[in-house]
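Everything on this sheet refers to the single structure shown next.
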Amino acid sequence: MSSNQFSTKFVAIVLLAVLVLTACGTAQTSAPSTPESSLPTATAGNQSIPNTGSVDWSTVSSVAAGGGMDALVAAAQAEGNLTVITLPRTWCDYGEMMDKFSAKYGIKIQDVNPDGGSADEVQAIKDNMQNKGPQAPDVLDIGAAYGPLASGQNPSGPNLLAPYKVATWDTIKGNNDASGLYYVDYYGVMSFEINTDVVKNVPQTWSDLLKPEYKGQVGLPGDPRASNEAAQSIYAAAINNGGTLDNIQPGLDFMKQLAKSGNLLPLIADSGVIAKGETPVSIHWSFNALADKQTFNGNPNIQVVYPTGTPWGGYYYQAISAYAPHPAAARLWEEYVYSDEGQTLLAKGFCIPARFGDLTSRNVISADILNALPSSDMFAKAVIPSIDQLSTARAAIKDQWDSVVGLDIKN
Amino acid sequence: MKTRKLNLWALFWAIVGLLYFFVPLYGTLDFSLRMERGRLSLKAYQVVLSDPQFLASFRYSATMGLITVAVSILLFLPTVYWLHLKLPQARPIVEILTTLPFIIPVIVFVFGLIRTFSGPPFHLTESAFTTDILITAGYVVLSMPYMYRSIDIGMRTIDVRGLTEAAQSLGSNWFQILFNVILPNLRGAVLGGALISFALVIGELILGDFLVRPALGPYMVQVGRDAAYEPAAMAMLSWGLTWICLILIQFAGRGRGSAPQLTGR
Amino acid sequence: MAEITANPESVKVVKKVRVAPAVQNWLGVLPFFLFVIVFLILPSTNLFAGAFQDQQGHFTLNNVKVILDPFVLKSYLVSLQVSVITSLLGGVMGFFIAYAITIGRAPRWMRAVLMSFSGLAANFGGVPLAFAFIATLGHTGFLTGILKHICFPAAGGAQTCPFDIYNAGFNLYSVTGLTLTYLYFQFPLMVLTIAPALEGLKREWREASQNLGGNTFHYWWHVALPILWPSILGSSILLFASAFGAYATAQALTGGTIYLVTIMIGAQIRGDVLNNPNEGYALAIGMVVVMAVCIVVYSLLQRRTTRWLKS
């Protein structure tokens with residue numbers, strides 16, 4: 001390498017280094033402050049955001065209180081951006097929802113960390129409190145236990161959520177927070193996703209999974225200590241093996257048997273390994289299993305089985321961050337998600353929307369979308385835990401998963 | 001130079017290495033070709049390449065990779081040189097520090113960066129350009145274990161003091177010593193660190209994601225999360241493209257045809 | 001280690017007498033320390049402070065106590081075990097491959113491929129790497145399939161298929177499988193870091209050794225190894241650390257059923273169920289301590305063995 005070439009490169013490098021080092025210099029002079037719990041209420045300051053009117057949308061708790069839909073749309077468009085977090089595009093058809101929202105209102109959406117979980121969402125609010133950039137989430141889609149957790153109700157702590165009630169609030173069915181801090185988004189039931197290219201004799205009940213023919217074929221959607229979906233599959237197994245909403249132990253015992261017999265494969269059953277045929281029997285939420293079936297489009301063939309017995313229902317919450325840099329856009333997003341159009345999109349993505357009853361009573365959802373969803377009979381029978389029951393179950397999983405599934409080191 | 005004779009022992013190990021590299025990749029490759037039922041096709045690749053965003057994000061990550069390599073050479077080469085020449089007693093401290101990026105979970109690191117630099121007085125996350133500075137710093141940190149250690153191991157094989165004194169007696173200044181005397185003797189080592197660091201940036205997922213920059217890793221998760229065949233195709237493509245870049249870097253770093261001169265002569 | 005602790009004080013002492021040289025020596029590494037403090041230490045401690053706080057933000061030592069939990073201790077042990085095994089195997093394998101592509105003079109194209117691909121492979125990890133091994137050595141993997149069908153006639157007209165690996169007790173979703181998978185990024189790391197050192201061996205040394213009547217073994221044991229030893233140790237600590245901190249690969253391959261401390265930390269910090277980030281931070285600080293101890297031991301070992309090898 002000639003030294004001439006080198007000097008040109010070097011100049012470029014030095015310029016960069018100067019930039020970095022100036023950043024260093026300023027960083028040295030002032031220690032950053034961490035206002036972790038200094039802003040417990042919903043009135044996080046967002047003064048620097050351009051507002052069309054005098055309304056501070058970060059404290060507005062309904063569209064009427066903010067001056068009506070037109071005012072909300074105008075304010076949201078002035079913000080121009082919306083940051084959502086942990087929304088996979090195929091999950092409940094959120095991809096189409098984001099595209100349509102962007103097209104309709106001309107608001108750009110950043111989707112942070114589509115592969116993450118609820119814990120990431122909560123952590124992202126905490127660490128972006130002072131951030132006005134695109135990294136700070138405006139709206140959340142969180143597992144049931146995370147509603148009380150993020151709002152500081154259980155365990156007690158700082159509230160990270162802003163109360164807001166969408167125009168269609170009265171028709172949202174479920175365990176909503178009375179003040180509108182979090183509200184049910186959609187439901188699903190626990191199902192078996194079967195790769196019928198591999199498995200010819202399709203299991204129909206939970207106890208079928210224990211049969212020797214499924215040796216090395218059953219997969220969970222994650223590590224139950226980390227994944228809400230996987231944890232709820234234990235609960236579903238419990239309910240169908242003599243357990244109750246207050247007793248998840250039979251579910252843990254069931255998983256123990258499954259692991260002991262060698263039927264349970266420890267890897268995480270995501271789309272790739274399901275299509276590969278490595279975990280031809282996987283336990284998933286109905287909406288994820290049905291979305292896979294659609295995505296795979298017959299290659300391989302997928303059959304979604306709702307195991308006979310008591311169906312297990314689960315749900316997720318929507319919420320707005322109290323520290324949202326785009327408070328109006330966040331509220332407009334919620335209005336859109338809970339509009340007939342948004343709810344229909346959720347249904348199209350195989351999720352049972354929270355306003356399902358209202359929508360079906362007015363025949364808003366088309367028949368072919370309805371037919372792809374779990375039947376309303378089954379959904380009516382489904383057992384859905386309360387938040388307290390969920391936290392008890394989580395504690396049991398936390399304490400026992402290691403020993404129940406026998407995490408010993410086999411070579 | 002002696003005449004070449006076939007060294008079977010060396011050939012054996014080279015073949016072991018090649019097999020270990022490419023046999024598992026065949027598993028992914030084969031799967032990526034099976035998007036159409038019952039036959040092999042390139043459909044998954046067509047789907048991936050039909051989105052211009054794929055190549056755009058690759059370009060972004062490759063650029064960041066080059067910048068990261070440049071900054072980290074600039075930062076670590078003088079540091080390691082100095083440690084060997086003047087401060088050998090500080091090496092264990094530096095070694096512990098440079099190993100930290102392996103140990104500190106990246107998620108903790110990225111949230112720490114955001115918490116520290118997003119608010120006043122820095123506001124680094126509010127524009128794309130300043131976020132890029134932040135993310136570059138992050139990438140340099142992540143590549144630190146590789147870059148530091150490659151240079152350090154290379155530095156052990158040369159006579160730092162001898163080279164320095166010789167250059168000083170010829171009237172070189174520090175800058176000339178570092179970049180005209182030491183660096184040419186460390187080519188192999190710096191190159192090794194550069195190859196790893198560049199590939200690291202291209203494959204990096206979490207920094208790009210939480211800092212919301214259009215990098216390749218986040219893009220691949222965004223598009224491929226629930227698809228079956230496309231992620232495999234994307235992985236093959238990104239590995240292939242990265243590999244091409246690495247070969248180019250290797251050629252650029254080695255110089256044409258010249259045998260590496262690593263010993264101080 | 002004695003030197004590290006002794007040094008800052010000695011700098012202070014020297015300061016009074018002769019300011020310039022000692023301070024100047026530290027000035028040379030100032031940019032590095034500034035960079036590390038600002039972009040690594042500061043941001044991380046910002047969160048790690050949580051290790052000493054409860055959920056409400058009050059000071060507590062409860063999170064640190066979690067390290068004494070038998071399961072947690074076991075997870076550190078398993079992590080250490082996996083790291084030591086994979087860094088030893090990867091180190092040996094990488095050393096020979098580096099030998100092959102440097103002084104071993106393997107064909108030129110093999111050298112070019114192995115060298116450049118090592119940069120890529122050293123960064124492999126997570127779901128894509130796990131998937132590659134699943135598609136190769138899983139129950140439905142292509143290599144598993146090929147091996148299964150290599151059969152020979154056995155006594156009594158039956159057939160024996162000695163390479164049906166799952167019948168023979170192999171399981172990809174075990175420590176063995178994890179080790180195989182980790183090796184994919186471990187040995188390339190060794191190749192890239194040790195190759196320059198091997199290239200640095202001078203031909204004259206070998207010739208001198210031969211002239212003195214030494215055979216190949218003598219040359220490697222008495223000449224090459226003592227020269228390479230610091231580099232080999234330096235590379236192995238890098239390999240060790242890279243395995244010790246690995247997370248995503250194990251998570252994707254074994255769904256958390258292998259008890260690595262990084263998986264525990266991941267479940268605590270990012271998990272939806274365990275989710276006690278502060279305990280996670282405490283566990284991560286524990287890892288930093290373990291790593292620091294390893295590096296100190298390595299430094300001592302290096303000094304000892306280097307002296308011993310040279311004698």
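The values are calculated or read from the model by the stated rules, or taken from the named source; none is laboratory data. From a predicted model like this one, the values you see are computed outputs, not experimental measurements. In this analysis, Cβ positions are derived from the backbone assuming ideal geometry, glycine residues included, and neighbour counts consider all displayed protein chains.
Below is a table of values for the structure above.
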quantity	calculated
Options B:Leu40, B:Leu55, B:Leu97; residue that is at pLDDT below 95, hydrophobic (A, V, I, L, M, F, W, C) and surrounded by 18 or more Cβ atoms within 10 Å (Cβ to Cβ)	B:Leu97
Test for C:Leu34: is it within 24 Å of the chain's Cα centre (by Cα), of a type in the set (A, V, I, L, M), assigned to a helix (DSSP H, G or I) and modelled with pLDDT of 90 or more	no
Residues that are at the interface with chain B (Cβ under 7 Å from one of its Cβ atoms), among the aliphatic types (A, V, I, L, M) and part of a helix (DSSP H, G or I), drawn from segment C:116-139	C:Leu120, C:Ala121, C:Ala132, C:Ala135
Filtered residues of segment C:47-95 (kept if within 17 Å of the chain's Cα centre (by Cα), among the small types (Gly, Ala, Ser) and either over 14 Å from C:Met264 (Cβ atoms) or modelled with pLDDT under 85 (or both))	C:Ser83, C:Ser87, C:Gly90, C:Gly91, C:Gly94
Given (1) more than 14 Å from chain B (Cβ to nearest Cβ); (2) touching an Asp or Glu at 6+ places or on another chain (Cβ under 6 Å); (3) surrounded by fewer than 22 Cβ atoms within 10 Å (Cβ to Cβ), index of the condition A:Gly143 fails	(3)
Which numbered condition A:Ile248 misses (of (1) buried (at least 19 other Cβ atoms within 10 Å of the Cβ); (2) in contact with a strand residue (DSSP E or B) (Cβ under 6 Å, 6 or more places away or on another chain); (3) of a type in the set (Val, Ile, Thr))	(2)
Long-range neighbours under 6 Å by Cβ, at least six apart or interchain, first residue without any contact (Cβ under 8 Å) to a residue 60 or more places away in the chain and facing chain A (nearest Cβ under 7 Å) within segment B:117-128, second buried (at least 20 other Cβ atoms within 10 Å of the Cβ) and part of a loop (DSSP other than H, G, I, E, B)	B:Ser118/A:Gln130; B:Ser118/A:Asn131; B:Ser118/B:Thr125; B:Gly119/A:Gln130; B:Glu126/A:Gly133
Enumerated helices (runs of 4 or more DSSP H) restricted to segment A:293-411, each holding at least 2 residues that are among the β-branched types (Val, Ile, Thr) and surrounded by fewer than 20 Cβ atoms within 10 Å (Cβ to Cβ)	A:387-404
Leading residue by the ranking (farthest from A:Pro307 (Cα to Cα)) among those in segment A:194-235 that are within 19 Å of the chain's Cα centre (by Cα) and in a helix (DSSP H, G or I)	A:Asn228
Answer from B:Ser118, B:Ser150 - the residue that is closer than 30 Å to A:Pro134 by Cα and polar (S, T, N, Q)	B:Ser118
Some residue of segment A:111-125 being at positive phi and modelled with pLDDT under 95	yes
Some residue of segment B:137-149 being more than 23 Å from B:Gly188 (Cα to Cα), crowded, with 22+ Cβ neighbours inside 10 Å and of a type outside the set (Lys, Arg)	yes
Qualifying position, being more than 12 Å from chain C (Cβ to nearest Cβ) and out of contact with any Ser or Thr (no Cβ under 6 Å at 6 or more places or on another chain), among A:Ala289, A:Ala230, A:Ala259, A:Ala236	A:Ala236
Segment A:262-273 - residue that is over 13 Å from A:Leu210 (Cα atoms) and more than 7 Å from every other protein chain (Cβ to nearest Cβ) and, of those, surrounded by the fewest Cβ atoms within 10 Å (Cβ to Cβ)	A:Ala269
Residues of segment B:176-200 classified as closer than 17 Å to B:Trp82 by Cβ and at the interface with chain C (Cβ under 7 Å from one of its Cβ atoms), total	1
One residue from C:Phe187, C:Phe131 being surrounded by 17 or more Cβ atoms within 10 Å (Cβ to Cβ), more than 27 Å from B:Leu33 (Cβ to Cβ), in contact (Cβ under 8 Å) with a residue 60 or more places away in the chain and hydrophobic (A, V, I, L, M, F, W, C)	C:Phe187
Those residues of segment B:62-116 which are farther than 13 Å from C:Ser44 by Cβ, within 9 Å of chain C (Cβ to nearest Cβ) and of a type in the set (Gly, Ala, Ser), in sequence order	B:Ala90
Conditions (1) buried (at least 23 other Cβ atoms within 10 Å of the Cβ); (2) modelled with pLDDT under 95; number of the one not met by A:Ser282	(2)
Single match in A:Ala136, A:Ala103, A:Ala124 (criterion: surrounded by fewer than 23 Cβ atoms within 10 Å (Cβ to Cβ) and either facing chain B (nearest Cβ under 8 Å) or not in a strand (DSSP E or B) (or both))	A:Ala103
Pair list, Cβ < 6 Å and 6+ apart or interchain, from segment B:19-48 residues that are free of Cβ contacts under 8 Å to residues at least 12 places away in the same chain to residues that are among the β-branched types (Val, Ile, Thr)	B:Pro24/C:Thr136; B:Gly27/C:Thr136
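Each row is one residue, and each column tells you yes or no for (1) surrounded by fewer than 17 Cβ atoms within 10 Å (Cβ to Cβ); (2) in contact with a Ser or Thr (Cβ under 7 Å, 6 or more places away or on another chain); (3) facing chain B (nearest Cβ under 8 Å); (4) not in a helix (DSSP H, G or I).
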| site | (1), (2), (3), (4) |
| --- | --- |
| C:Ala49 | yes, no, no, no |
| C:Gly90 | no, no, no, no |
| C:Phe96 | no, no, yes, no |
| C:Arg105 | no, no, yes, yes |
